[in-house]
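What follows is a short report on a single structure.
Laboratory data are not the source of any read-out in this text; all were calculated from the coordinates shown. What you are looking at is a predicted structure, and each value in this text was computed from that prediction instead of being measured. Ideal geometry is used to build each Cβ from the backbone, glycine not excepted, and the neighbour counts take in all protein chains shown.
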Amino acid sequence: MYKQIFVNQCGYLPRMAKKATFRSDGPTGFSVVSTDGRRVYRATATERVKTVSAGETVYVGDFSAVTEPGRYYLLADNGGESDTFEIAEGIYGEVFEKAFSFFYLQRCGCALSPSRAGAFAHKACHTGLAVVYGTAEKREVSGGWHDAGDYGRYIVPAAMTVAQLLYACEDNPALASLYRAAHPQSCLEEIRYELEWMLKLQRRDGQVYHKVTCRSFCNFVLPEEEQDELVLSPVSVTATADFAAAAAMAVRFYRDGNPAFADRLADAAKKAYAALSSMDLPGGFHNPADIRTGEYGDDCDADERYWAAAELYKAFGDPQYRADFERLANQKIYHGYGWADVGSFGNRAYLTADFPTDPALADRIRASMIETAQKRMEASAADGYGTALFPDEYVWGSNMTVANNGLHLFDAYRFTGDTAYLDCAAHQLHYLLGRNPMGLCYLTGCGTDSIKHPHHRPSVFLGKAMPGMLSGGPCGRRLDPAAKGLLPEDFPPAKAIVDMSGSYSTNEVAIYWNSAFLLLLASVTAV
Ligand code: G3I
Ligand code: 9MR
Ligand code: ZN
C-alpha cells in the first residue's frame, strides 16, 4: 500500500526524540500500537510543514514519550499505518556491525573467505602491477577497499573514509568493540587495510598519486574478472594533502598496538606535507584524456592543506604546522566532512590538539561551527521529514550530505550541550533509515523496506544486495540513463531516486557514504 506514515525502520533508543511524518489532509490523531496489539500512546500530529523538497505538505507527530522497550507501529486515524520498528537499548549494534562489515567486503587485492563473506566471497582481485600514467614504470599497489559500485581506488575519498571511521571508533568504543566481538579483526585492523594501501600510493618524493583504476569502468562482473591494465593517475595536491592529514591522524590510533606501523604513518605524513609546499597544480586534478573513471576533482585545495596542517600539528606539535593552519584559518574558516570539502576535519583536529593553540581563533572556529549547525537547524525545521538539506542541496550522494549535516549538528551539541542540536542530528539518522519521502530504509539489508537494487557490481552480479550499504540517495538532477528515463525533470528532488542498479547517480554505494553514516550513528548513540 502507498505509505502514509514515515518512521525510522531500524528503531529508536528509548531516550531519543521520536517524530513521525504523516501524509494527511489535515492534523491527524494517531496511536502507537505494540505488535502484540496494545495501544500504548495517543497523540495528534498537528505540526504542518510545507516541504518543498518533497513537493508536499505533511504533518509531524511526536511520540518521544514512548520509552518502554518493545516493537511498535503507528496507526493514524485516517487509516495510515507505519512500518514496524523497535524501541530498545542496543538496537543499533546490528546496524553498525552490518555497515562496518561493508569495508571487509570491499577489500581489494585479497581473497574474501566464504566464512566471512558468504555469497560475496571472491578470489584475489587487482593484484597486477599498475603502470604510472605516461611512463613505462610499474608499481605494486594492491590492497585497500574498492571505492564504491566500481572497483577503482581513489586517495581523496579514502582519506575522509579513514578519518570518519577512526572517529567512529574513538567516539563510540562500545560499538567498535561489539564489531570486534563478531569478527576476526577489530575496526582498527580493518582501517589499517586501507591505510597500508594508501602508503603504497606515495611517491619517493612524498607526493601522492590521485588514484589507481583501469582506464574505464568494467561491466557488472566480479572484481577478479576486471583484468584490464591498472593505471596510476598523476599526483594531485588534494590527494597529497588528504593523505598527509589522514596518515597523521591515524598515528595516535596505532601508537600503542602497532608502533612500527605508527612510525611509518608518521614518516609518510611528514613527507607528504613537506612535498605540498612545492606543489602548485591550479585547477585541481582532471582525468587524463584516456582515463574515464571517477575524477574526484576539486579546484580548491586550501581546505585540504588546512586539514593537513591541523592534523600534523595535533600529531607532532611542530610550530610550523600550527603557523600554516592559523594563516589559512585567519583568512577563512572552512567547513565540510565530505570528499571535496574537508574543513571540519581540520577544525576538529585544531580544537582537540594537546599543543598550544590560539584561544581567540579557537573561539571563532567554534562560533562558526555553531553557525553552520544553526543553518542546518533552520533547514530541518522547514522540512517535514526533518532532513537538514535545503531543497537545492539534493546532489549526487545527497545521503552523505545528510549524514555529514548530522555531524555538523552534533559538533554544535558538543560545544553547547544544547540537546536541540543532538535531536536534530539524530533526525538525520532517522531520515536515512526510513523517515524520508520515499519511505525507504537507505541502508541495504536493514529495516523492513530497504534499497534492493543498488549500483554495486558484486550485488548486481549475484542478484542480491550486499547488506549494510548506504545508497547515495535522491539527486535533483538527472545524471544517469535510468534516472533520465524514469524521473520527470520537475520531480521533487527528495523523491528523485530509483531503486535500480542502473541508476548510479541516485542508487550507487560508496565507502565514504558508509563512513559518514557510521560516524553519525556512532556519535548520536554515544551520549
Ligand atoms: O559541488 C557542486 C555544487 O557547488 C553545485 O551547486 C551542485 C549542482 O549540481 O553540484 C555540486 O557538484 C556535484 C559534486 O558531485 C559534489 O557533490 C556534482 O554536481 C556531481 O556531479 C558530483 O558527483 C560526484 C560523482 O562522482 C560524479 O563525479 C559525486 O559527488 C561522487 O560521490 C561520485 O563518485 C563516484 C566516483 O566518481 C566513481 N566511483 C563511484 C563514486 C560514487 O558514485
Ligand atoms: O559504475 C560506474 C560508477 O561507479 C560511476 O559512479 C558512474 C559514473 O561515473 O559510472 C558507472 O559506470 C557506468 C559508465 O559510466 C557508463 N557505462 C556504464 C557503466 C555502468 O553503469
Ligand atoms: Zn579489487
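A Stokes-Einstein calculation at 4 °C with viscosity 1.567 mPa s, built on the Kirkwood radius of the chain over Cα pairs, returns a diffusion coefficient of 55 µm²/s. Counting only residues at least eight positions apart within a chain, or on another chain, the lysines with an alpha carbon under 27 Å from that of Lys495 are Lys3, Lys18, Lys19, Lys50, Lys98, Lys375, Lys452, Lys464, Lys484. Distance between the C-alpha centres of segment 125-173 and segment 41-95: 39 Å, rounded to the whole angstrom.
Taking 7 Å steps out from each Cα toward its Cβ at Thr46 and Glu196 produces label points 6.0 nm apart.
Say a site is exposed when it is one of the GluC sites (Glu not before Pro), sits in a DSSP loop, and has at most 16 other Cβ atoms within 10 Å; what is then the longest site-free stretch of the chain? Longest stretch, sites excluded: 296-488.
With the simple model of a label 7 Å out from the Cα in the direction of the Cβ, Ala181 to Gln320 spans 4.7 nm. Evaluated at q = 0.17 Å⁻¹, the base-10 log of the normalised Debye intensity for segment 311-411, with identical point scatterers placed on the Cα atoms, takes the values -0.78.
Full extension of the chain between Phe461 and Cys300 gives 54.2 nm of extra length, using 0.36 nm per residue less the Cα-Cα distance.
Remark on segment 278-340: Rg and Dmax equal 14.1, 43 Å (Cα only). Annotation: extensible slack from Arg477 through Arg15 equals 162.5 nm (criterion: 0.36 nm per residue apart, minus Cα-Cα distance). The separation of segment 378-396 from segment 411-480, counted between C-alpha centres, amounts to 14 Å. Computed from label points 7 Å out along Cα-Cβ, the spacing between Arg255 and Ala382 is 4.4 nm.
With the Cα gyration tensor of segment 113-305 giving a ≥ b ≥ c as the square roots of its eigenvalues, does the rule (a/c under 1.5 for rounded; else a/b larger than b/c for prolate; else oblate) give rounded, prolate or oblate? It is oblate, given that a/c is not under 1.5 and a/b is not larger than b/c.
Among the lysines, which fall within straight-line cross-link reach of Lys211, defined as a Cα-Cα distance under 24 Å, with same-chain neighbours fewer than 8 residues apart omitted? Answer for Lys211, where 24 Å is the Cα cut-off: Lys123, Lys138, Lys200, Lys270, Lys271, listed by chain and number.
Would you mind checking segment 90-114 for residues with the amide N under 19 Å from a putative spin-label position 7 Å along Cα→C-beta of Val221? Under 19 Å, as judged by backbone N against the label point of Val221, lie 107-112 of segment 90-114. Once the Cβ-Cβ distance of Asp290 and Asp449 is raised to the sixth power relative to R0 = 25 Å, the FRET efficiency obtained is 0.05.
Ellipticity at 222 nm from helices only: DSSP H runs of n ≥ 4 in the chain, each -39500 (n - 2.57), divided by the residue count, give -13000 deg cm²/dmol.
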